[in-house]
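The values are calculated or read from the model by the stated rules, or taken from the named source; none is laboratory data. What you see is a predicted model, and the numbers here were worked out from it, not measured in a lab. When we count neighbours, we look across all protein chains shown, and the Cβ atoms used for this are built from the backbone with ideal geometry, even at glycine. SASA here: full protein model, heavy atoms, side chains in, ligands and nucleic acids out. Shrake-Rupley method; radii C 1.70, N 1.55, O 1.52, S 1.80 Å.
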Amino acid sequence: MAVHTATGFMDLGIAVMALAWINEDRRKRRFPKWSPGAIAIGVMTLTIALWQAIETDVSHRGDEGAITHSLAHHLLLVFGLLLAAALSLSLKLAQTAREQARHVFDINLSLKESEEKFRSMADAASDAVIMLDSDAKVSFWNQAAEKMFGFQRDEIYGREFHRLCVPKDQFPAFEAGYARFRHTGKGQLFGRTVEETAVRKSGSQFPVELSLSAVKIRDEWHTIGIVRDITVRHIHQLEVKRLNKRLELIIKSAAEGIYGTDHDGHCTFINPAALAMLGYDSNEIVGLDQHALFHYAKADGSPYPAKDCPVSLAINDGKSRHITDEVFWRKDGTSFPVDYVCSPLVENGKTMGSVVAFRDNTERKNFEEKLKRSNEDLEQFASAISHDLQAPLNSVTGFLGLMKLKYADTISPDALEYVELAEEGGRQMSSLITDLLEYSRLSTNNESFASVDMTEVCGLCLNMLQTEIAESGASIDISDLSEVTGDRSQLIRLVQNLIGNSLKYRAKDRPPKLQISSREDGEFLRFSLSDNGIGIEPIYFEKIFGVFERVHENMGYEGTGIGLAQCKKIVERHGGRIWVESEPGNGSTFFFTLPASV
Ligand code: ADP
């Protein structure tokens, strides 16, 4: 081939390589991958071209030393070829080394990145994250661990964890456990959450919750621990425990029977007092339906439907109930009267069951029965005595009247005055006996209750008291009064006593002014009777409703002190109450409530 043709091919080759180099992504590597081959081919081509040129030149000249020259030319050819191969090889080796170095660099970079990520994640955790190597030496320690234990990373890295952060008495167990773990990667505390005691740098101990897991790195077992400080939780738990203990003690020592039920009315706990009253052992009750066990029948023995049981109702509607006059049934089949309160047990707004507190009412019932009987006896006795006294008293006052009539002119004025005083005393005693008799009969009068028009009752009373009204010049204003349910004759006595008192205890300087009105008060009507009389000192507001209690006795007002006691008995017999409000000198207002007519 002519030299210029060869040069032309070489130029073309160089141009192709330059183009390929330009198109290579030079960010990745400085020399293209194919560069060692290209350089080898280039050097080989140059060597061969040079060798051929020299060879041609030598054969043209026909030198006598041609053989020597020819040997040198051949050596040059071999050297050129070897140089091409060496160049190509070293370039290839350099490329490979460079790529490996870049690879190692990349790995290191991503390792560093992921370590930084892991560290910042661990530092963001509120729990302590700790890593121990196979010798139990600390190899990782996050910020929370620094805060929790008080050791900074550079103080603890490379040091045996337990020597600094575990109570001394637990060293042997820790070391034995870790020795086993080092070989097996297993340990008692691994794979679960446990509560342990840890030690701070200050030496103080604190409770922790610990989760341990094992990781194998280069054939060695390491430990990763997540540690949570549970001091606050511990304090709460201790407080709850203490309160529970106290509550248990209170419930156990309470004289009242107390038991709890779940949402279905099954007994969850019961105190000793309740067990003693019911005659059961706790294992015979807990877990069973309380209604079916000791609340299945009413006092008369008829069945008590479970759907009506106040305990179930309290669970269903979430409202407490106070029940009186029911019975609970003992294990031996006998019953006893109870008074109980059942309250729903609400947790997070949800009714979980109920608590029932009950009292055995046997003694109270017996006492009430006795009291009732003795009151009845007493009333019968008072009634009999009053009745029997009335007859001789009438004859005494009668004879005194006769004596005054017959011997008024013959006996001395002093003797006449004594007779008159005796007659007055007899009259007073007679009205006392009449009032007492009436008082004692109030509760024995069993006239059945009916609807009573209080406006009519007041009208009747005004009629009965017309003399006193006329004498005193009283004005009486009665607002439209509603009807009540009650004993008509007793209500007449009530209103008559109150109006009579207002007329009697009038102020000397003004005529009596009375106002009677009523207003609704739930299922009751509240009546008020106000006057402008002499009034009552507040200290007597309650006292005046007792038998024989008189406030203005010394001011010349006549009376027996039984009128207001009668009023109180009448109102209370109707389920109402009576009271007074007054300002001495300015009048009084008597209030009383009676059941409204239905
Ligand atoms: P008495 O027979 O003495 O009137 P009551 O039981 O009716 O007995 O009243 C008890 C006492 O209450 C009276 O003695 C009187 O002192 C006082 N009292 C009752 N009503 C009035 C009133 N309207 N104003 C002032 N005091 C009154």
Under the Karplus curve 6.51 cos²θ - 1.76 cosθ + 1.60, θ = phi - 60°, whole-Hz ³J(HN,Hα) for region 39-49, x wherever Gly or Pro sits: 5, 4, 5, x, 5, 5, 4, 4, 4, 5, 4
Residue 460/residue 558 FRET efficiency (R0 25 Å; Cβ-Cβ; nearest 0.05): 0.60
Out-of-range pairs (alpha-carbon distance over 25 Å; input 252/370; 168/201; 504/543): 252/370
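Given 0.36 nm per residue, what is the gain on full extension from residue 408 to residue 74 after removing their alpha carbon distance, in nm?
Details: separation 334, 0.36 × 334 = 120.24 nm, distance 19.42 nm.
That works out to 100.8 nm of additional length.
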Sequence of 548, 174 from largest to smallest accessible area, 1.4 Å probe: 548, 174
Degrees separating the helix 171-184 axis from the principal Cα axis of the chain, which is the longest one: 50 degrees
The chain: relative contact order as a whole-number percent, Cα under 8 Å and 6+ apart: 6 percent
Backbone HN-Hα couplings from phi across region 367-382 [Karplus 6.51/-1.76/1.60, Hz, Gly and Pro as x]: 5, 4, 4, 4, 4, 4, 5, 5, 5, 5, 4, 4, 5, 5, 5, 4
Spin-label model distance (nm) - residue 121 vs residue 384, 7 Å beyond Cα toward Cβ: 10.1 nm
FRET efficiency, residue 391 to residue 335 (Cβ-Cβ, R0 45 Å, nearest 0.05): 0.35
Inter-site label distance for residue 325 and residue 528 at 7 Å from Cα along Cβ, in nm: 3.3 nm
Net length gained if the chain between residue 92 and residue 431 were fully extended (0.36 nm per residue, minus Cα distance): 107.7 nm
Potential lengthening between residue 348 and residue 467 on full extension [0.36 nm per residue; Cα-Cα distance subtracted]: 35.8 nm
Net dipole in debye of region 141-220 [+1 Lys, Arg Cβ; -1 Asp, Glu Cβ; about Cα centre; nearest 20]: 140 debye
Selection from 249, 536, 161 lying farthest towards where the dipole of the chain points positive, charges on Cβ: 161
For region 306-340 versus region 136-201, the gap between their alpha-carbon centres in whole angstrom: 58 Å
Within region 166-201: backbone nitrogen closer than 13 Å to the residue 237 label point (7 Å, Cα to C-beta): 193-198
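How much mean residue ellipticity at 222 nm does the chain get from its helices, if each DSSP H run of length 4 or more adds -39500 (n - 2.57) and you divide by all residues, to the nearest 500 deg cm²/dmol? It would help to have the intermediate numbers written out before the result.
Details: 17 runs with 302 residues, N = 598.
Dividing the helical sum by the residues of the chain leaves -17000 deg cm²/dmol.
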Span from the region 241-259 Cα centroid across to the region 568-586 one, whole angstrom: 43 Å
Simple spin-label estimate for residue 111 and residue 281 in nanometres, 7 Å along Cα-Cβ: 7.1 nm
Anchor residue 307: lysines whose Cα lies under 29 Å away (excluding residues fewer than 8 positions away in-chain): 298, 319, 331, 350, 365
